[in-house]
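Notes follow the structure.
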Amino acid sequence: MEAGTPCSGNDVLERNLVLVERVGLSRGLPPEAISVMLDYAMSLRMGGVMCVRVLKFLIPATVVPQEAVVRAVSWLCVGKIAISTQVLFLRWVLTVFDMIDSKDHLRAIYGFIFSFVTEESLSPYICHLLYLLTRRESVRPFRVRKLLDLQTKMGRQPFLLLLLSLYKVFYPELVTLALPSRMRSGFKNHNSTWKVALSAVQKRNNGQVSSDISLTLGLKDKTNSRKRKFHHLELPSLSSSIQSNSSSRSRKVFPLEQLHSFPQLLDNLHCIELPSQMGSLLGSSLALCYLDYVQDDSAFLRLNFWLGHALHEEFLFCSGDGGSGSSSEALHFLNRLLSTQHFLQEGFSSTEGFLYKFLNVWDGSLLRPQILGLLSDIPVVPSSCISQLLFEPLMQLFFTSTLFFKCSVIDCLNSMLLKWLTWHSVYALEDGLDISLNSHTPMNMTLSGFMDSVMELVRFVGRLATVGLQLEGCHSLLLSFILDFYETVCDMFLKYGLPLVVMPPVGVFYPALFATDPVSVDRLGYIMYRYKKNLTSAKCQQQETKQAFHISRQTYQEFNHYLLFMVSCLWNSKMFLPGMAIEVDQELLALSKVPEPWTSFDLIHHPAFLGCALDFHHKCWPERKDIDLNSIKAGKQWDWYPEFLFSQGFQGLQQFVQSSINRRSAAGINGQRGSQPTNR
């Protein structure tokens with residue numbers, strides 16, 4: 001249609017527009033029609049009113065040709081289009097962004113698009129579009145300065161801060177402005193004008209175009225329930241919205257939905273383009289492989305934004321009558337998120353920020369395995385804020401919870417420590433340390449700062465373990481999880497290369513030593529054996545390299561104190577005697593009428609090994625009817641008895657005895673039956 005054709009009273013024009021409008025809103029327009037109608041509208045051949053009308057029914061059936069969008073953007077520089085119409089056009093581009101068949105030419109005019117950022121009415125939409133198009137080569141110093149000037153003029157607008165944060169990911173030295181680590185809101189959805197029509201077209205086309213916008217545009221069946229639905233937690237099907245047409249083949253773009261095998265991924269590694277909203281990637285291991293390979297910082301930033309929005313909306317900002325903890329959608333979403341983090345072997349910063357807030361309102365039962373699993377994936381927290389963010393809310397839940405929850409928390413913190421130490425051992429550098437589990441939002445921390453955080457975590461678990469054992473009566477199940485944790489702690493130097501040794505508190509050591517099950521005592525023996533190996537190695541290395549280690553003299557004193565008491569108790573039968581760590585008044589011992597109380601916790605009379613001692617006594621003297629366990633200490637039986645214990649599978653006890661006890665001299669001294677031991 002030629003320019004200047006009157007539109008008022010033009011029945012032919014009206015009839016044709018009604019036809020195109022009906023097709024667009026019902027079945028969607030093919031790519032060729034999108035190109036013609038978009039150019040027709042943006043050229044203002046029939047005026048601004050007709051342009052707005054066309055943009056509102058411009059619903060694509062399959063894809064949007066990139067060239068059509070580029071030509072439409074060029075019409076913005078003419079200066080004839082009203083600001084409100086320009087806003088509507090930009091909203092349309094953002095809505096159908098996933099459906100644009102390629103983005104290379106749009107990125108080629110990045111600077112032209114950036115020039116509109118100074119227009120206050122267009123700035124939110126331009127920043128959003130730039131955010132989706134930005135690559136490392138797009139960031140320039142003059143653009144950073146322009147955004148900083150706008151931030152000074154317009155204030156700390158979320159859309160400006162988000163674009164600056166993306167620039168800072170690529171070039172931190174260019175963006176010196178302090179940006180908030182977590183932003184509640186940023187780019188808004190602009191799809192309200194096309195929401196219903198897009199959903200109807202996608203449903204009619206039976207998923208031929210399944211773009212990520214279906215996450216927010218999907219229509220929900222109305223029910224009588226007024227409760228909040230988990231509509232943010234639905235993972236969209238993986239699709240690049242690119243069809244197998246000549247345009248896509250000429251650009252060598254491989255659709256994500258056609259990726260079915262790893263060889264396909266290798267063959268098309270440089271032809272895949274990620275969607276603008278990254279939620280669909282959580283459902284495909286191949287797509288996650290590609291995401292991990294390309295190491296696209298902007299992609300991870302967008303994925304974090306999507307995850308943060310979904311988690312906050314559904315678990316933090318929902319009303320009191322919101323979704324149930326048993327919701328299959330919430331369970332599936334968190335399990336998928338856990339699986340993704342385990343696949344990538346790193347957590348997401350948005351998950352971390354969500355957990356710090358969620359712990360303050362969590363009841364400890366809602367989706368407990370999933371929440372604790374996510375908690376174990378968080379990166380190292382600086383020691384200055386770890387107490388407020390992590391310890392205080394966990395402590396309140398721990399002390400008022402069941403035994404099973406206490407065990408789950410200890411296991412979660414053990415897994416967290418293991419991941420911290422593993423990443424330290426892999427990524428430790430000579431001058432610094434990048435210990436963030438999310439390598440795309442790194443938090444640089446010195447070795448000293450990392451060690452402070454680890455020490456705070458170990459001491460916190462020590463406090464939890466001490467009080468927890470008191471509350472639960474030294475339950476063997478809880479003690480088992482606590483010993484799991486200290487099996488990790490005792491090997492931090494040799495196994496993970498961290499020059500730090502932290503001994504367990506007395507509230508853990510003594511309950512483990514006096515436990516009634518032999519497994520706990522055996523594991524304590526292994527832990528003490530590993531502590532000795534680590535401390536000995538650290539001292540030798542310190543003397544050889546002359547380096548200042550963070551292992552204090554007090555740590556050596558604590559270990560020697562525990563070692564002396566354990567040897568005296570289990571081997572030398574010197575329990576409850578003056579000068580020992582645990583002293584009991586002799587008159588009180590006499591009132592107990594326990595014969596030879598100083599032998600009550602040696603390897604023969606210890607409640608954990610009493611069954612083994614009886615079995616050994618029966619093997620040595622099968623004909624004897626009376627049982628005298630002290631006879632095991634006489635002669636060769638005392639040499640045989642430890643070997644008998646070791647043959648029962650107590651390897652931790654064996655390593656402890658072999659490394660810490662001179663059995664020949666001890667056997668000679670303990671040979672006197674029934675005599676009270678003297679100090680040696």
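A 1.4 Å probe run over the stretch 11-174, with the rest of the protein chains in place, finds 40 Å² accessible per residue. Can you tell me how the stretch 11-174 classifies by the Cα gyration tensor, rounded, prolate or oblate, using a/c under 1.5 as the rounded cut? Here the stretch 11-174 falls in the prolate category.
Normalised radius of gyration for the stretch 503-661, please: alpha carbon Rg relative to 2.2 N^0.38 Å, two decimal places.
Relative to the 2.2 N^0.38 Å estimate, the stretch 503-661 comes out at 1.18.
A simple packing score, the average count of other Cβ atoms within 10 Å per residue, orders the peptides 407-416, 522-531 as 522-531, 407-416, with the highest score first.
Among the lysines of the stretch 11-174, pairs at least eight places apart or on separate chains and with Cα atoms under 26 Å apart come to 7.
Please compute the contact order of the stretch 503-661 in relative form: average sequence separation of alpha-carbon pairs under 8 Å and at least six residues apart, divided by the residue count, as a percent. Result for the stretch 503-661 is 33 percent.
Look at where the Cα atoms of the stretch 127-168 and of the stretch 329-390 average out, and the two centres are 30 Å apart. For K195 and D39, a Förster radius of 35 Å and the Cβ-Cβ distance give a FRET efficiency of 0.90, rounded to the nearest 0.05.
For the pair H332 and R140 in one chain, pulling the backbone fully straight at 0.36 nm per residue adds 65.0 nm over the alpha carbon distance. As a calculated quantity, the FRET efficiency between L174 and C271 at R0 = 30 Å, using C-beta atoms, amounts to about 0.45. A Förster radius of 22 Å combined with the Cβ-Cβ distance from T545 to N662 puts the calculated FRET efficiency at roughly 0.10. Only protein heavy atoms count here; on that basis, with a 1.4 Å probe, Y496 has an accessible area of about 30 Å². Put a dot 7 Å past the Cα of S552, heading toward its Cβ, do the same for R27, and the two dots end up 7.9 nm apart.
Using 0.36 nm per residue and subtracting the Cα-Cα separation, the extra length available between M154 and S365 on full extension is 71.5 nm.
The values are calculated or read from the model by the stated rules, or taken from the named source; none is laboratory data. From a predicted model like this one, the values you see are computed outputs, not experimental measurements. In this analysis, Cβ positions are derived from the backbone assuming ideal geometry, glycine residues included, and neighbour counts consider all displayed protein chains. Only protein heavy atoms, including side chains, enter the accessible area calculation; ligands, DNA and RNA are left aside. Shrake-Rupley method; radii C 1.70, N 1.55, O 1.52, S 1.80 Å.
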